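Participant: Handing you this structure, nothing more for now.
The values are calculated or read from the model by the stated rules, or taken from the named source; none is laboratory data. Computed from a predicted structure; not experimentally measured. Please note: Cβ atoms are built from the backbone with ideal geometry, for glycine as well, and neighbour counts cover all protein chains shown.
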Amino acid sequence: MKHINRLLIALVLSIGLFFTGCEDRSDLTAPKPTPAPSTGSADFTTFVSIGNSLTQGEQSGSVYSSAQEYSFTNLIAKQVQTDFVYANFPDPGSGGRLEVASLEPFSTYTNPDATAPSNLTYAAPYNNLGVKGAFLWDVLNTTNAADCYTATQLTAYGVSVENPMFNAVLRGQGTMMQQALAQNPTFMTLWIGNNDVLAYATRGGLFPPTPPANFQAMYQAIITQLATAGVDVVVANIPDVLSVPFFNTVGPQLLAQGITAVVGTKADGSVAPLDLTKNLLLLTASAELAAGKGLSAENPLSNGVILDESEITNTKALVDGYNDIIAAICAGAGYAVVDINSFFTDISQNGYSANGIDFTATYVSGGLFSLDGVHPTSAGYAVVANEFIKVINEKYNASIPLIDLSTIPPSLIFAESQAAGKITGTSFDANAFERILF
């Protein structure tokens, strides 16, 4: 089998320089403030969001201030000119942030430093109640790290993991739902349920997904509480998790080198050659490939870094089932749904262009996804925010302006800039992806 080269990524970053000429401004009055946009029948006086890391604004495996500023929820709040407070983690953030260590060969560095939110003493609940690693169950039940879903509900599967992010965001003031309703919100966004399937997929099928019947019961309970409180809510459904770079980088790299199969351990425990056109290698497979695994039956890739054909089928069925549930329940409540699933599936197939900028779902160089291969870049979150704004405008007869993507700064800082090159291998440090969810 051909030698598997190390990864090379080069990303061209554009820096716009704007100059203004010198002129006499002594006769000019102060600029008038930008008038607030028409929000139609939507009232953003008290805007609250419930969700997981995608709502909190995670990038590159961490939650940190310079990324949180561009969470889709904070971007919406800026567009409608309303206050929006969140647990603000000074850079480098909550821990485990992936950073580019080298372009040639490409490698990442996992920053070991972590910070606590700078505003933990903020008296009221935060407007942004997105919590990295939150599952659907957590919305109604979790109050702290020790009683969260991964700490208490999966012990039969050998899982008992406390999620400290709940302490940082909830701060002993109740569950996400309790804190949201305590603010008497006038408008909310809800994007939850991703981790109920994503945890299964990003761990190669070794993490138990939420059964659809349980998902339906919990989602119905959440929507019923919000509807009973009379809150206007816009909901997003679950994207095709398999369309993100985490699952579509390593395999295509190998295929581009003429490597059509690797030896791996399947879900049933058998070891066999895996056709890379039918099975998916996770980004986490990169370390094992670099160590020489996957070349023989005596040294196969482990099950946890592979989604075989049966696991791919299971993942797609879960996403489709969850989205059918979301559509039916939200239709019954009269809530509009942002079809993120269709939107990102289209991007993965055809790319996306706006404000003169082209995006693809390609790892790093596509501009939409951060170094963890799951969470968007700042520009990616702006793309998401615009999809929410489009639905809000239509549902509530509003005219909230879309975000100009050309105004969003790059999320990834590189030591040098060079022409984009071919990705030919992989090199991540061993712990690079441990903190994607919890």
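Participant: Out of the residues in the range 362-402 that are in contact with a strand residue (DSSP E or B) (Cβ under 9 Å, 6 or more places away or on another chain) and β-branched (Val, Ile, Thr), which is surrounded by the fewest Cβ atoms within 10 Å (Cβ to Cβ)? Let's see the steps before the verdict.
Facilitator: Initially, the range 362-402 is screened for residues in contact with a strand residue (DSSP E or B) (Cβ under 9 Å, 6 or more places away or on another chain), giving 362-364, 366-372, 375-384, 386-388, 390-392, 394-396, 402.
Pick out the ones that are also β-branched (Val, Ile, Thr) and you get 362, 364, 377, 383-384, 391-392.
Numbers: 362: 19, 364: 23, 377: 25, 383: 24, 384: 27, 391: 17, 392: 25.
Once the filter is applied, the top-ranked residue is 391.
Participant: Give just the number: which of (1) closer than 30 Å to residue 226 by Cα; (2) buried (at least 16 other Cβ atoms within 10 Å of the Cβ); (3) touching a strand residue (DSSP E or B) at 6+ places or on another chain (Cβ under 9 Å) does residue 322 not satisfy?
Facilitator: Of (1) closer than 30 Å to residue 226 by Cα; (2) buried (at least 16 other Cβ atoms within 10 Å of the Cβ); (3) touching a strand residue (DSSP E or B) at 6+ places or on another chain (Cβ under 9 Å), only one is false for residue 322: (3).
Participant: Separate question: So, residue 305, is that one modelled with pLDDT of 95 or more and either crowded, with 22+ Cβ neighbours inside 10 Å or touching a Lys or Arg at 6+ places or on another chain (Cβ under 9 Å) (or both) or not?
Facilitator: Numbers: modelled with pLDDT of 95 or more: yes; either crowded, with 22+ Cβ neighbours inside 10 Å or touching a Lys or Arg at 6+ places or on another chain (Cβ under 9 Å) (or both): yes.
So residue 305 passes the test.
Participant: Follow-up question, since we're still on this one. Which condition number does residue 160 fail, the rest of (1) touching a Phe, Trp or Tyr at 6+ places or on another chain (Cβ under 9 Å); (2) of a type in the set (S, T, N, Q); (3) part of a loop (DSSP other than H, G, I, E, B) being met?
Facilitator: It fails just one condition, (1).
Participant: Still on this model: Over 26 Å from residue 364 (Cβ atoms) and without any contact (Cβ under 8 Å) to a residue 60 or more places away in the chain: does that describe residue 208? Explain how you work it out, then say what you get.
Facilitator: Details: over 26 Å from residue 364 (Cβ atoms): yes; without any contact (Cβ under 8 Å) to a residue 60 or more places away in the chain: yes.
In short, yes.
Participant: Restricting to the range 216-234, give me the number of residues that are closer than 20 Å to residue 132 by Cβ and in contact with a Leu (Cβ under 6 Å, 6 or more places away or on another chain).
Facilitator: So the count comes out to 1.
Participant: So, one more: Kindly evaluate residue 232 against the criterion of being surrounded by fewer than 19 Cβ atoms within 10 Å (Cβ to Cβ) and charged (D, E, K, R).
Facilitator: Values: surrounded by fewer than 19 Cβ atoms within 10 Å (Cβ to Cβ): no; charged (D, E, K, R): yes.
It is false that residue 232 is surrounded by fewer than 19 Cβ atoms within 10 Å (Cβ to Cβ) and charged (D, E, K, R).
Participant: Kindly indicate which of 355, 341 is under 19 Å from residue 386 (Cβ atoms), crowded, with 18+ Cβ neighbours inside 10 Å and polar (S, T, N, Q). Spell out how you get there, then give the answer.
Facilitator: Values: 355 fails: crowded, with 18+ Cβ neighbours inside 10 Å.
Exactly one of 355, 341 is under 19 Å from residue 386 (Cβ atoms), crowded, with 18+ Cβ neighbours inside 10 Å and polar (S, T, N, Q), namely 341.
Participant: Kindly list, by first and then second residue, each pair from a residue in the range 23-49 that is closer than 30 Å to residue 388 by Cα and aliphatic (A, V, I, L, M) to a residue that is modelled with pLDDT of 55 or more and not in a strand (DSSP E or B), limited to pairs with Cβ atoms under 7 Å and residues at least 6 apart or on different chains.
Facilitator: Here the result reads 36/81; 42/392; 42/396; 42/398; 48/127; 48/180; 48/183; 48/185, each pair linking the range 23-49 to a residue that is modelled with pLDDT of 55 or more and not in a strand (DSSP E or B).
Participant: Can I ask one more? Can you run down the residue pairs with Cβ atoms below 9 Å, 6 or more apart or on separate chains, where the first is in the range 334-348 and closer than 30 Å to residue 230 by Cα and among the acidic types (Asp, Glu) and the partner is crowded, with 21+ Cβ neighbours inside 10 Å and at pLDDT 95 or above?
Facilitator: Every condition considered, the pairs that remain are 339/236; 339/237.
Participant: When only residues in the range 31-75 that are among the hydrophobic types (A, V, I, L, M, F, W, C) and assigned to a helix (DSSP H, G or I) count, which is surrounded by the fewest Cβ atoms within 10 Å (Cβ to Cβ)?
Facilitator: By that ranking, first place goes to 75.
Participant: Filter the range 120-157 down to residues that are assigned to a loop (DSSP other than H, G, I, E, B), free of Cβ contacts under 8 Å to residues at least 24 places away in the same chain and over 20 Å from residue 217 (Cβ atoms), then give me how many there are.
Facilitator: 2
Participant: Looking at the structure I just gave you, is residue 316 part of a loop (DSSP other than H, G, I, E, B), closer than 21 Å to residue 206 by Cβ and not aliphatic (A, V, I, L, M)?
Facilitator: On the way: part of a loop (DSSP other than H, G, I, E, B): no; closer than 21 Å to residue 206 by Cβ: yes; not aliphatic (A, V, I, L, M): yes.
No, not satisfied.
Participant: Looking for something modelled with pLDDT under 95, over 29 Å from residue 172 (Cα atoms) and buried (at least 23 other Cβ atoms within 10 Å of the Cβ) - is there at least one such residue anywhere in the range 197-213? Before the answer, list the steps.
Facilitator: Residues of the range 197-213 that are modelled with pLDDT under 95, as a first pass: none.
The answer is no, given that none of the residues of the range 197-213 is modelled with pLDDT under 95, over 29 Å from residue 172 (Cα atoms) and buried (at least 23 other Cβ atoms within 10 Å of the Cβ).
Participant: Could I ask something else about it? Just give me the residues in the range 224-248 being closer than 30 Å to residue 203 by Cβ and not small (Gly, Ala, Ser), in sequence order.
Facilitator: First, pick out the residues of the range 224-248 that are closer than 30 Å to residue 203 by Cβ: 235-248.
Result: 235, 237, 238, 239, 240, 241, 242, 244, 245, 246, 247, 248.
Participant: Anything in the range 76-119 that is hydroxyl-bearing (Ser, Thr, Tyr), surrounded by fewer than 17 Cβ atoms within 10 Å (Cβ to Cβ) and in a loop (DSSP other than H, G, I, E, B)? List them, or say none.
Facilitator: Within the range 76-119, 118 is the sole residue that qualifies.
Participant: Still on this structure, I have one more. Take the residues in the range 218-252 that are polar (S, T, N, Q) and part of a loop (DSSP other than H, G, I, E, B); name whichever of them is nearest to residue 289 (Cα to Cα).
Facilitator: Taking the range 218-252 as the starting set, the residues that turn out to be polar (S, T, N, Q) are 220, 224-225, 228, 237, 243, 248-249.
Right, trim to part of a loop (DSSP other than H, G, I, E, B) and you get 237, 248-249.
Details: 237: 34, 248: 15, 249: 13 Å.
Residue satisfying both the conditions and the ranking: 249.
Participant: Here is a further query. Search the range 253-270 for residues that are closer than 14 Å to residue 293 by Cβ and pair each with any residue that is small (Gly, Ala, Ser) and assigned to a loop (DSSP other than H, G, I, E, B) when their beta-carbon atoms are under 6 Å apart and the residues are at least 6 apart or on different chains.
Facilitator: If the second residue must be small (Gly, Ala, Ser) and assigned to a loop (DSSP other than H, G, I, E, B), the pairs left are 262/294; 263/294; 263/297; 265/302.
Participant: Here is a further query. So, of the residues in the range 387-437 that are among the small types (Gly, Ala, Ser) and under 30 Å from residue 134 (Cα atoms), which turns out to be modelled with the highest pLDDT?
Facilitator: So in the range 387-437, the residues among the small types (Gly, Ala, Ser) come out as 398-399, 406, 411, 415, 417, 419-421, 425, 427, 430, 432.
Restricting the remaining residues to those that are under 30 Å from residue 134 (Cα atoms) gives 411, 427, 430, 432.
Working: 411: 87, 427: 57, 430: 52, 432: 61.
Among residues in the range 387-437 that are among the small types (Gly, Ala, Ser) and under 30 Å from residue 134 (Cα atoms), the one modelled with the highest pLDDT is 411.
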